[in-house]
Amino acid sequence: MKTLLLITIFSLVTLVSHAQWTDKPSSTTKHCLYSSGEYLVGDQQAGKLGMSYTYNNKYIISVGYSATFKTTVTPSDNFLKSATNVTPATSVEPFENSENLHMMMGRIFNLNEKKNLRVVLQAGPGIATFREPEFALVNANSQYNFETKTSKKLSLVLNPKFEMPLHSTVGCSVGPLVVVNSNQTYIGAGIGIMYGLL
């Protein structure tokens with residue numbers, strides 16, 4: 001539900017910005033607003049949604065949400081030797097995943113005069129939410145069940161990337177995403193689509 005809400009908000013803001021500014025050539029516009037969506041591969045597959053505002057074609061502020069796909073988790077072999085699963089077959093399987101809300105600031109470096117190829121160096125803080133199953137014996141017959149535990153950590157997010165505006169309102173991007181916190185370090189490589197005033 002949270003992901004659907006974020007997608008809806010980003011889409012509405014992008015449509016509003018598109019309606020207001022598409023009549024302005026991107027070469028003369030100093031301040032731009034656009035949304036982006038990325039698919040990431042790394043230790044775990046992930047997705048990222050973001051909204052970016054550029055100032056004077058030099059500085060950038062971005063807010064975003066990223067999440068790793070749910071991964072099924074099973075207890076350790078030693079645990080399974082002495083326990084039997086009592087979880088109903090129709091219930092949710094134990095899984096782990098992480099989500100991250102972040103805000104970054106950075107600098108834009110245009111690589112050519114047409115400004116259709118640029119490097120964005122950006123970093124900032126984030127709040128990561130981790131969901132992990134905790135397995136435990138539930139009775140004297142060595143049967144077990146699980147409970148999904150949630151924890152939050154302060155993170156440092158780094159997301160340098162190449163951005164290639166293909167049109168005044170559409171472009172693509174490639175680059176790494178690094179999320180560092182006390183629980184884990186996630187490193188992924190992403191490819192994405194940008195939409196808005198570029």
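Out of Ser35, Ser62, Ser66, which single residue is touching a residue at least 40 places away in the same chain (Cβ under 8 Å), within 15 Å of Pro165 (Cβ to Cβ) and among the polar types (S, T, N, Q)? Write out each step before concluding.
Values: Ser62 fails: within 15 Å of Pro165 (Cβ to Cβ); Ser66 fails: within 15 Å of Pro165 (Cβ to Cβ).
So the residue among Ser35, Ser62, Ser66 that is touching a residue at least 40 places away in the same chain (Cβ under 8 Å), within 15 Å of Pro165 (Cβ to Cβ) and among the polar types (S, T, N, Q) is Ser35.
The set of residues in segment 138-162 that are touching a Pro at 6+ places or on another chain (Cβ under 9 Å), over 30 Å from Asn112 (Cα atoms) and of a type in the set (S, T, N, Q) comprises Thr148, Ser155.
Does Ser155 satisfy the condition of being outside any strand (DSSP E or B) and small (Gly, Ala, Ser)? Full working, then the answer.
Numbers: outside any strand (DSSP E or B): no; small (Gly, Ala, Ser): yes.
In short, no.
For segment 100-117: of the residues being charged (D, E, K, R) and at pLDDT below 95, which is surrounded by the fewest Cβ atoms within 10 Å (Cβ to Cβ)? Here the answer is Glu113.
Tell me, please, whether a residue that is β-branched (Val, Ile, Thr), crowded, with 16+ Cβ neighbours inside 10 Å and either in contact with a Lys or Arg (Cβ under 6 Å, 6 or more places away or on another chain) or in contact (Cβ under 8 Å) with a residue 60 or more places away in the chain (or both) can be found in segment 190-198. For segment 190-198, residues β-branched (Val, Ile, Thr), crowded, with 16+ Cβ neighbours inside 10 Å and either in contact with a Lys or Arg (Cβ under 6 Å, 6 or more places away or on another chain) or in contact (Cβ under 8 Å) with a residue 60 or more places away in the chain (or both): absent. Here the strands (runs of 3 or more DSSP E) wholly within segment 59-147 that include at least 3 residues being within 24 Å of Ala189 (Cα to Cα), within 31 Å of the chain's Cα centre (by Cα) and of a type in the set (Gly, Ala, Ser) are 59-68, 118-137.
Residues considered: Leu40, Leu6, Leu33. Of these, the only one that is at pLDDT 95 or above and touching a Leu at 6+ places or on another chain (Cβ under 9 Å) is Leu40.
The values are calculated or read from the model by the stated rules, or taken from the named source; none is laboratory data. Computed from a predicted structure; not experimentally measured. All Cβ positions, glycine included, derive from the backbone under ideal geometry; neighbour counts span all protein chains shown.
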